[in-house]
1. Go through the stretch 132-152 and give me each residue that's loosely packed, with under 10 Cβ neighbours inside 10 Å, among the charged types (D, E, K, R) and not in a loop (DSSP other than H, G, I, E, B).
2. Considering only the stretch 66-111, state which residues are closer than 20 Å to W15 by Cα and touching a Ser or Thr at 6+ places or on another chain (Cβ under 6 Å).
3. Counting only residues that are in a loop (DSSP other than H, G, I, E, B) and among the hydrophobic types (A, V, I, L, M, F, W, C), which one in the stretch 62-80 is farthest from F102 (Cα to Cα)?
4. Applying the selection to the stretch 29-46, what residues are farther than 23 Å from P94 by Cβ and assigned to a loop (DSSP other than H, G, I, E, B)?
5. What are the residue pairs meeting all of these: first residue in the stretch 47-60, first residue in a loop (DSSP other than H, G, I, E, B), second residue at pLDDT 95 or above and not β-branched (V, I, T), Cβ atoms under 7 Å, and 6 or more apart or on different chains?
6. What number of residues in the stretch 52-82 are more than 15 Å from the chain's Cα centre (by Cα) and either aliphatic (A, V, I, L, M) or surrounded by 14 or more Cβ atoms within 10 Å (Cβ to Cβ) (or both)?
7. Just for the stretch 83-131: of the residues that are within 15 Å of the chain's Cα centre (by Cα) and in a loop (DSSP other than H, G, I, E, B), which one is surrounded by the fewest Cβ atoms within 10 Å (Cβ to Cβ)?
8. Can you pull out every residue in the stretch 116-157 that is within 23 Å of E68 (Cα to Cα) and in contact with a helix residue (DSSP H, G or I) (Cβ under 9 Å, 6 or more places away or on another chain)?
Amino acid sequence: QKLISNTEYQVSLFWTDSETGINLKTRPDICKRKKNVIVNLKTITDGSPAEFSRELANYDYCLQAAVEIRGCVESGLMPYVDNYFWLVVEKNPPFNATLYEFDKSDQSYSQDELDFLLNKIKKAKDQNLYPGYSDRSDNEYGILTAVVPAWYKTIYS
């Protein structure tokens, strides 16, 4: 309760990335400006640590957090962000609520990922060439090798 009381909810933030010139926006769920804290509210079926870890990876929550952190600082809402939390509330009784902290080393990695992606977008925009998945190829034609799943190979074995 203390974490989410006296806060601002869904503040729209806009800024231009200084390195790439790309216009960005974000809308963090909960900002505690005086404490330099952001809280992202997630409602999911299973809020256990193992399941939330899977959700975190599957839905790129770390990248979303990096954008929100950058937005709070770049827009001037906060001078810096001390802590970022996910408040995970289960959708079904007993509606367990768990607070997960975004580790500083993972924040750093996610900020690097954000910079990488912004530069990739800028390059695509400058060249007017949006490669899709072909940039993952190891040949000049952008041809990818299809990977047949192991389970498929056992159907007729």
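1. The answer is R136, and nothing else.
2. Within the stretch 66-111, A66, V67, E68, G71 meet the criteria.
3. Only one residue tops the list, namely L77.
4. The answer is N36, and nothing else.
5. Final answer for the pair search is G47/E90; G47/N96.
6. Residues flagged as more than 15 Å from the chain's Cα centre (by Cα) and either aliphatic (A, V, I, L, M) or surrounded by 14 or more Cβ atoms within 10 Å (Cβ to Cβ) (or both) within the stretch 52-82 amount to 6.
7. My answer is D103.
8. Passing the criteria: L117, K120.
The values are calculated or read from the model by the stated rules, or taken from the named source; none is laboratory data. These numbers come from a predicted model, not from an experiment. Cβ sites come from the backbone with ideal geometry, for glycine too, and all protein chains shown count toward neighbours. What goes into the accessible areas is simple: the full protein's heavy atoms, side chains included, and nothing from ligands, DNA or RNA. Shrake-Rupley method; radii C 1.70, N 1.55, O 1.52, S 1.80 Å.
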